[in-house]
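For reference, the structure discussed in these notes is given below.
None of the figures in this text is laboratory data; all of them are computed from the coordinates on show. The structure displayed is predicted, hence computed values, not measured ones. Note that each Cβ is placed from the backbone with ideal geometry, even for glycine, and that neighbours are counted across all protein chains shown.
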Amino acid sequence: MKQSLRRGRRTFAAAAFIGASALALAACSGSSDSDSSSTAGGGGGGGGTTSDEFTYLGQTQNTTIAATLESLQTGACAAAADGTPLVTDAIDGTTWDQQLQVLAGNDALSNMSMAAGTPSLMQDFISAGKVLNLTEAFAELGVEGAVLPAAEATLKQLYQADDLYALPTEFNIEGFWYNKDLFEEAGVDVPETWTELVDAAETLNSADIQPFVAAGGDGWPVTRLVGNYIFRSLGADALQKVADGEASLTDAEYVEGADAVSALGEAGYFGPAAGSIDYNTAMNQFLTGGGAMFYMGSWALGNFNSEEENQIGVDAIGYFPFPEVEGGAGSIDETPANAGIPVMFTTANYTDDIGEWLKCIAENYGNVALAESGQVTGFEITETPADQSELTTMVQDQIASAAGSVLWFEAAFTSEGTTVSQTNGGGLATGDLSGQEFMELVQAANGG
Amino acid sequence: MDSVFRNRTAAVVMLTPALLVYTFVMLVPILWSVTYTFQSGNAITGFEFVGFDNWIEFFRDDTALDALWFTLRYAIVMTVLQVATGYGLALLYIFFLRNKSPLVRTTIFFPVILPTVAVALMFSRMFEAAPTVGPINTILQWLGGDLTDFLGTPSQAFWVVIIMDVWRSMGFYAVLLYAGLVEIPNEVIESARIDGASGWKLVRRIVFPLSLPVLLSALIFSINGTLKVFDSIVALTNGGPGSATTPLTLYMFRTSFAYGQYGYGSTVAFMLTLLCLIATIFVFRSMRRDVTSS
């Protein structure tokens, strides 16, 4: 009797211990939930009408958006910030899409954050209802028309959506920026066709001037050339046809574009060890006279306008659009354009208070970003700064006069296709990869 | 004490908390990951049961097979080099440096405690070809060679990774094997010497067989560590140029988190687990056979 009583006590103690352990584990797992809701900021749960704070998450590499929002908080958006102050945070951009996927999967996105770099991932967010439909939100808030039609069309084309899902905190054109002094020294005219571009490169190379500067290590500045060649030779919808399965990158007419760029690499026109050059090195190389032509977006205006960085002088930099391919279906007037990394609003925790912030950003962001950072955005501008630089004005004119726009090589590709394309772009710049090899790799990664 | 262990209730009470923690922290995630291998999708798009499609895809995926081949090459070359250099250094500590070895041991061990990213940055500068020419290329050019883009050429990038990782890890294996060698009784060594064994003969006939247990540990440790290499490659080449230095771990990371294919990523992870298991069993069995035969 005594023994069975003792055994009963032990069993009870064991059961109590297991119960306590389970409770402790349950408590531990519960704490992570509460963390994620506070990270999401706002009132929590969505559908409420008030929020305690307005959270923004950006990349550490981009300080313009956070700085503009902070200016708005103390200026034009002071009323919206009253009771719902801005809280900004930033993480490294190299793993941006990965971080966003984890946050979105846990409904822990900030109220406003930079959008996914890969358009197909944004399409997943849109399909899953994670991202706010801004066309509808703007209609409710009475701010339709706050985004320029060209920027809106670019974003809709990018995400293949009928409505607007991101705000264009940048609106960039891309093309070749060239060193006027080096062109003059080698006696080269601005090329208008691909043949003229190759001839110009040959002449510059013969004069011991590196024809092209490109960040082959990053890949995308090289694959941009492939994409643009294809747009010029096959037309603006050529890469969408690949995404839709109507054409393949391994088709001869597509391989021609990669071969044309690989031939430049094989001739050594991108300089020695082009596959190891990163973005900042390439920028520095161009701005110190280390090369004649630099394919880049207008977001580089800040670097071009900086007296400290630009050793060749802002007047020595000219711009010409990506040349035509003789006999091609595309046109030199179709300017490669993008909205940089736009920003999105999450549907979770979207309240009336966040709506007030959205309305204020739509109405004022463009003016503040242009005045304080010289940033050309896709928002309607109502106040032009008096001291605007000539290069900035030239970019605005180019945007206004562009007959149409095209996206970039990987815009319609999957995440895997984009990564494989950009990690192998350096191989084209060094000539180590042939056009056929490059296109086979990208096509396979893009879903066969 | 014996009576405590014979008491089932006491055993249950003592083991249950640890078992619960182990179950939730290790077993549940592993089983969860295995269930993902039969699904496609991610946390945003949702999951769909696809049977063995991910497994079939793995053997049809050229990039995965390339990553597998790179992982095996890297693991074999690294294991041979880091255990061999470690063993060589341990012998040096014991038979040549003797009492002077602590300073050398500390110096050679130093890279082990350095952050991987800092080491990778140093090696990328050392092997740099442009825009500035690094010391290795400067020496090559001085000797009449051509400027070489080591990190931009697939075959050479592999060897730069190997050189860096051997430099980082040989100090660790030297200390590990040194700890095993000092356990060999001096009397045995002295007896062998009196019997006429010295130099290479002493090492081959006496030291090597007696240090087999610690060599076995080093080999298992090395093969498992190198099969799971990740940080040094991400920091030095990020898997490039192209995918020339992409191991299975990096491919798994990209597949899961960059491409949003959790199911396929879990399949790659499971393949890596199987690879580690097979390698460990292989090393263990072959070493045990050797010990018996000697």
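Assign unit charges at the C-beta atoms only (+1 for Lys and Arg, -1 for Asp and Glu), then state the dipole size of the protein assembly as shown relative to its Cα centre in Debye, rounded to the nearest 20.
Result for the protein assembly as shown is approximately 6920 debye, rounded to the nearest 20.
With unit charges on the beta carbons (Lys and Arg positive, Asp and Glu negative) and the dipole taken about the Cα centre of chain B, which residue among B:Thr148, B:Gln39, B:Phe284 sits farthest to the positive side?
B:Phe284
Please give the FRET efficiency for A:Thr193 paired with A:Asp315, using the beta carbon to beta carbon distance and R0 = 35 Å, rounded to the nearest 0.05.
After rounding, the FRET efficiency stands at 0.85.
Once the other residues with Cβ under 14 Å from the Cβ of A:Thr335 are scored (Lys, Arg +1; Asp, Glu -1), what is the net sum?
-3
Would you work out the relative contact order for the range B:21-85, in percent, from Cα pairs under 8 angstrom that are 6 or more residues apart?
So the answer I get is 17 percent.
How much length is gained if the chain between A:Met394 and A:Asp162 is pulled fully straight, taking 0.36 nm per residue apart and subtracting their Cα-Cα distance, in nm to one decimal?
Result: 80.5 nm gained on full extension.
If you find the alpha carbon centre of the range B:186-256 and of the range B:45-80, how far apart are they in angstrom?
24
Between the range B:94-110 and the range A:104-171, what's the alpha-carbon centroid distance in Å?
62
Would you work out which of A:Ile277, B:Tyr259, A:Val261 lies farthest towards the positive end of the dipole of the protein assembly as shown? Charges go on Cβ: Lys and Arg +1, Asp and Glu -1.
Selected residue: B:Tyr259.
So for A:Lys359, B:Lys100, fewest C-beta neighbours within 10 Å to most, what's the order?
The most exposed by this proxy come first: B:Lys100, A:Lys359.
Please give the helix A:2-40 orientation as an angle from the longest Cα principal axis of chain A, in degrees from 0 to 90, rounded to the nearest 10.
Taking the Cα atoms of chain A, the angle to A:2-40 is about 40 degrees.
So how tilted is helix A:194-206 from the main axis of chain A? Cα-based, degrees 0 to 90, rounded to 10.
The two axes meet at around 80 degrees.
Once you order the gyration tensor axes a ≥ b ≥ c over the Cα atoms, which shape class does the range B:148-233 get: rounded for a/c under 1.5, otherwise prolate or oblate by comparing a/b with b/c?
Values: a/c = 3.81, a/b = 2.40, b/c = 1.59.
Prolate.
Taking the Cα centre of chain B as origin and charging only Cβ (+1 Lys, Arg; -1 Asp, Glu), how large is the dipole, in debye to the nearest 20? Let's see the in-between values first.
Working: 18 positive and 17 negative charges, 197 e Å.
Approximately 940 debye in magnitude.
Just from its helices, what would the mean residue ellipticity at 222 nm be for chain B, if runs of 4 or more DSSP H residues each count -39500 (n - 2.57) and the sum is divided by every residue, rounded to the nearest 500 deg cm²/dmol?
-21500 deg cm²/dmol
Within chain B, which DSSP H helices have Cα atoms that stretch 27 Å or more along the helix axis and a mean Kyte-Doolittle hydropathy of at least 0.0?
Details: long enough: B:62-91 (43 Å, 1.05); B:154-181 (38 Å, 1.15); B:262-293 (46 Å, 0.92).
Result, helices passing both filters: B:62-91, B:154-181, B:262-293.
Output the 0 to 90 degree angle, nearest 10, between the alpha-carbon long axis of helix A:149-159 and the longest principal axis computed from the alpha carbons of chain A.
60
Give the percent of DSSP beta bridges with both residues in the protein assembly as shown that are antiparallel, rounded to the nearest 5.
Here the share of antiparallel DSSP bridges comes out near 60 percent.
Nearest 0.05, what FRET efficiency do B:Glu48 and A:Lys241 give at R0 = 25 Å with Cβ-Cβ as r?
0.35
Taking the Cα centre of the range B:1-91 as origin, work out the dipole magnitude from +1 charges on Lys and Arg Cβ and -1 charges on Asp and Glu Cβ, in debye rounded to 20.
For this selection, approximately 520 debye.
How do A:265-271, A:142-148, A:225-231, B:78-84 rank on mean C-beta neighbours within 10 Å, highest first?
Result, highest mean first: A:225-231, A:265-271, B:78-84, A:142-148.
Using the beta-carbon distance between A:Thr94 and B:Ala192 and R0 = 60 Å, what value does 1/(1 + (r/R0)^6) give for FRET efficiency, to the nearest 0.05?
Plugging the Cβ-Cβ distance into 1/(1 + (r/R0)^6) gives 0.60.
Using a 7 Å offset from the Cα along the Cα-to-Cβ direction at both A:Ser127 and A:Glu140, what is the distance between the two label points in nm, to one decimal?
In this crude spin-label approximation the distance works out to 2.5 nm.
Any idea what Rg and Dmax come out to for the range B:61-293 if you just take the C-alpha atoms, in Å?
20.5, 67
Sort A:Leu358, B:Leu274 by Cβ crowding within 10 Å, fewest neighbours at the top.
Least crowded to most crowded, the residues run B:Leu274, A:Leu358.
Considering only A:Ser373, A:Ser421, A:Ser110, give the residue with the highest GNM mean-square fluctuation for chain A, with springs between Cα atoms whenever their separation is below 10 Å.
For chain A, modelled as a Gaussian network with Cα springs under 10 Å, the answer is A:Ser373.
Under the √(5λ) rule applied to the eigenvalues of the Cα gyration tensor, what semi-axes describe the equivalent ellipsoid of the range A:105-211? Give them in Å, descending.
For the range A:105-211, the ellipsoid semi-axes come out as 44, 16, 12 Å.
When the convex hull of the Cα atoms of the range B:168-294 is projected onto a plane and the area is averaged over all directions, what value comes out in nm²? Please list the in-between numbers first.
Values: hull surface 40.3 nm².
Its average projected convex-hull area is 10.1 nm².
How far apart, in nm, are two points set 7 Å out from the Cα along the Cα-to-Cβ line at A:Ala329 and at B:Thr138?
Spacing of the two 7 Å Cα→Cβ label points: 5.4 nm.
Report the label-to-label distance for B:Leu103 and B:Leu72 in nanometres (one decimal), using points 7 Å from each Cα along the Cα→Cβ vector.
4.7
Identify all lysines with a Cα-Cα distance to A:Lys130 below 18 Å; exclude those on the same chain that are fewer than 8 residues away in sequence.
Within the straight-line cut-off, A:Lys130 pairs with A:Lys156.
Choose one of B:Pro29, B:Asn99, B:Tyr74: the residue whose Cα lies farthest towards the positive end of the charge dipole of the protein assembly as shown (beta-carbon charges +1 Lys, Arg; -1 Asp, Glu; about the Cα centre).
B:Asn99
Using the Cα gyration tensor of the protein assembly as shown, with a ≥ b ≥ c the square roots of its eigenvalues, what is the shape: rounded (a/c below 1.5), prolate (a/b larger than b/c) or oblate (neither)?
oblate
Kindly provide the Kirkwood hydrodynamic radius of the range B:236-287 in Å, to one decimal, from all pairs of distinct alpha carbon atoms.
It works out to 12.2 Å.
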